[in-house]
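J.: The structure follows.
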Amino acid sequence: MGKEKVKRMAGELLIEHLSKSFMTADKQALSVLEDINLSVENGEFVAIVGHSGCGKSTLLKIIAGLEDADAGTVSIGGRILTGPGPDRGMIFQEHRLLPWLTIEQNVTLGFEGNTRKENFEISDRYLKLVKLEGFAKAYPAELSGGMSQRAAIARALATDPQMLLLDEPFGALDALTKIEMQKEIIKIRRENRSTMLMVTHDIEEAVYLADRVVVMTSRPGKVKDIVKIELAEPRNRGSADFAWYKQRILVHFFDDDEEKIPEFTI
Amino acid sequence: MAWTLFSLILPLLILFAWLYVTGEALVPALLLPKPRIVLNEFIVQLTVGTIIEDISISFGRIVKGFGLAVLFGGGLGIIMGMFVPAERFFSLTFTSIRQIPMMAWVPLLVMWFGIGEASKVAVILMAAYFPILMNTSSGIRRTDPKLIEVGRMYRLTPWRMFVKIYLPSALPSIFVGLKLGLSISWMAVVGAEMIAASSGIGFRLNDARALMQFPIVFCGMFAIAIAGVLMDWVLTLISRAAAPWERKR
Ligand SMILES: Nc1ncnc2c1ncn2[C@@H]1O[C@H](COP(=O)(O)OP(=O)(O)O)[C@@H](O)[C@H]1O
Ligand SMILES: [Mg+2]
């Protein structure tokens, strides 16, 4: 019963009555999130889908502590969040590696006062995990898009956060690399047992990875529906059940037949 | 290599034109001496040593004035780049002062600091200060907000935020400022020495003109150009060494 156990019991993420608006250039308040309520259990994988501009990134940034909410609270295990913390890691759509640091220096960015040896060990361990061993001394410009995103994942994992926030992390990758990365995420989740909250515009990705899929309305973003995905792992993208869930989520994006759930369930 | 040869074409053409014009005596030899004569004079100057000495006196002034400009201009540039209120506070004043050509400062600075070393160093400081300050501050300010977010996410201390994110991001812009500042201060010191000095390459040039030693004037001008190019080249090498990641792009 060490530190590890305690950290893993950090408690559920609770978002209550969260609202956020931005000032536009012509001094108008633009309501982006309105009364968001959501709870995410320890170790759960929740995917968030919604139209572009509905506030998904803003929601993740508020949870990350990079933006302040106008109203409402975000708490983990009852503790209200006020800023970034070591309990949360974020992976952005762009890899956001610092171009002037080597991959090893990027991966160990979150550590201060470590010895060379400690940094080497951390980077070695996490680069192995994302299959980038041998690239520790390379600069980001020498890596392909998929490799860069892997390095970014290693950087987020290195600080061992209890919760990973992923903002369309594979949106810029080609289809094959993307599928490979999704498998990688499943593997990492199995090993680390971390909570994951992923924004995606790819419904298939959401159904493939998530325990629950949160569907948001167009701006101002509200929670429109939460779909629990009850499919056995490993999930088969070609199965009829899989297609049913995809369709079940997809109908939300075509307003006219909102309530209609396709009939071909087995 | 091919490009080096290519960039030598124009200088060679100019040299041939010079040879032709002076060979055919199309202009009075007093106004434009033959390349041979200038070259001979150059060799004499190099062996007797006055030009090297003159250049090194001017260079010594550059080191002091430019060093101070890097210290003060770079320092304040960083502060103005990182803190918006500081930027707002200084911006109007600095933009106004910058409108004054550096040579217009010489009379005032000589009045304040005399004709000796201090006024030359002050002229260089004035000349190099603003390019360094402005480029440093705009480089820092243009740091990608997305990378700043990464720094906040990993809760970097202000110092690490500066060293890991702001400074490397601003480095290319800072070097633009340093190069600009260096070339302007080289011009400034030569100009100031021509107006008010008893040593240095600018003084030598003016002195030779007064004594009608035109080959020396030409040698002096070549020496100024060569020294300027060398200094710029050294800064380029330093900037490459300071940003090893740029070569991997
Ligand atoms: N810092 C900001 N200032 C002003 N408006 C913003 C800011 N960040 C986001 N917005 C606006 O908020 C809305 C939602 O943005 P975002 O959360 O990025 O949407 P999504 O990730 O769902 O596509 C957009 O209309 C965007 O223009
Ligand atoms: Mg977004």
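J.: Once all Cα-Cα distances of segment A:137-266 are split into 10 Å bins that start at 0, what whole-number percent is in each one?
T.: 10, 38, 33, 15, 3, 0
J.: Give the average over all directions of the projected area of the C-alpha convex hull of segment B:1-134, one decimal, in nm².
T.: 13.4 nm²
J.: A further question follows. Give me the inter-chain shielding for B:153-160: mean count of other chain Cβ atoms within 10 Å, whole number please.
T.: Average per residue, whole number: 6.
J.: Within 10 Å of each candidate Cβ there may be at most 14 other Cβ atoms; applying that plus a DSSP loop requirement, which trypsin sites (Lys or Arg not before Pro) in segment A:128-160 survive?
T.: Those that pass, being in a loop and sparsely packed, are A:K131, A:K137.
J.: Another question, then. Bin width 5 Å, origin at 0, all Cα-Cα pairs of segment B:80-187: what percent of pairs per bin?
T.: 2, 12, 17, 18, 16, 13, 9, 6, 4, 2, 1, 0
J.: To the nearest 20 Debye, how big is the dipole of the protein assembly as shown about its Cα centre, given +1 on the beta carbon of each Lys and Arg and -1 on that of each Asp and Glu?
T.: The dipole magnitude comes to about 1340 debye.
J.: With charges only on Cβ, +1 for K and R and -1 for D and E, what is the dipole size of segment A:13-253 about its Cα centre, in debye, rounded to 20?
T.: Computed charge dipole of segment A:13-253: roughly 240 debye.
J.: Here is a further query. Rounded if a/c is under 1.5, else prolate if a/b beats b/c, else oblate: with a ≥ b ≥ c from the C-alpha gyration tensor eigenvalues square-rooted, which is chain A?
T.: Because a/c hits 1.5 or more and a/b exceeds b/c, chain A counts as prolate.
J.: Now for a separate question. Take A:T115 and A:K131, extend 7 Å from each Cα along the Cα→Cβ direction, and tell me the distance between the two endpoints in nm.
T.: Result: 3.4 nm between the two label points.
J.: Something else: Over the protein assembly as shown, one equal point on each Cα, no solvent: what is log10 I(q)/I(0) by the Debye formula at q = 0.05, 0.06, 0.12 Å⁻¹?
T.: -0.35, -0.47, -1.10
J.: What Kirkwood hydrodynamic radius do you get for segment B:116-178 when you take the inverse of the mean 1/r over all pairs of distinct Cα atoms, in Å?
T.: 13.0 Å
J.: I've got another one for you. Neighbour counts of other C-beta atoms within 10 Å: give me A:I186, B:I226 arranged from fewest to most.
T.: B:I226, A:I186
J.: If a/c stays under 1.5 just call it rounded; otherwise compare a/b with b/c (prolate if a/b is bigger, oblate if not). Do that for segment B:36-244, with a ≥ b ≥ c from the square roots of the Cα gyration tensor eigenvalues.
T.: Prolate, because a/c is 1.5 or more and a/b exceeds b/c.
J.: Could you work out how much longer the chain between B:Y20 and B:A241 gets when fully extended? Use 0.36 nm per residue separation minus the Cα distance between them, nm to one decimal.
T.: The span from B:Y20 to B:A241 would gain 75.2 nm if fully extended.
J.: Mind pulling the angle between the C-alpha long axis of helix A:175-192 and the longest principal axis of chain A? Nearest 10 degrees, somewhere in 0 to 90.
T.: 70 degrees
J.: While we're here: May I ask which residue of A:V40, A:G113, A:A210 lies farthest towards the positive end of the charge dipole of the protein assembly as shown, with charges of +1 (Lys, Arg) and -1 (Asp, Glu) on Cβ and the Cα centre as origin?
T.: Towards the positive end, the residue furthest out is A:G113.
J.: Need the C-alpha centroid separation for segment A:119-154 versus segment A:77-108, integer Å.
T.: 15 Å
J.: With unit charges on the beta carbon (Lys/Arg positive, Asp/Glu negative), name the residue among B:G67, B:S56, B:V38 whose Cα is farthest towards the positive pole of the charge dipole of segment B:22-69.
T.: Working it through, the farthest residue towards the positive pole turns out to be B:G67.
J.: Could you work out how far helix A:145-158 tilts from the main Cα principal axis of chain A, as a 0 to 90 degree angle to the nearest 10?
T.: Once rounded, one gets 80 degrees.
J.: Any chance you could tell me what percent of the C-alpha pair distances in segment B:59-121 go past 16 Å?
T.: Roughly 61 percent, once rounded to a whole number.
J.: So what's the gap between the Cα centers of segment B:47-94 and segment A:16-35, to the nearest angstrom?
T.: A separation of 46 Å, based on Cα centres.
J.: Would you work out the Kirkwood radius for segment A:151-197? I mean one over the mean of 1/r across all pairs of different Cα atoms, in Å.
T.: Mean inverse Cα-Cα distance, inverted, gives 11.2 Å.
A short reminder: the numbers here are calculations on the coordinates, not readings from a lab. Keep in mind the model is a prediction, meaning the values are calculated, not measured. Methodologically, a virtual Cβ is constructed for each residue, glycine included, from the backbone with ideal geometry; neighbour enumeration extends over all protein chains shown.
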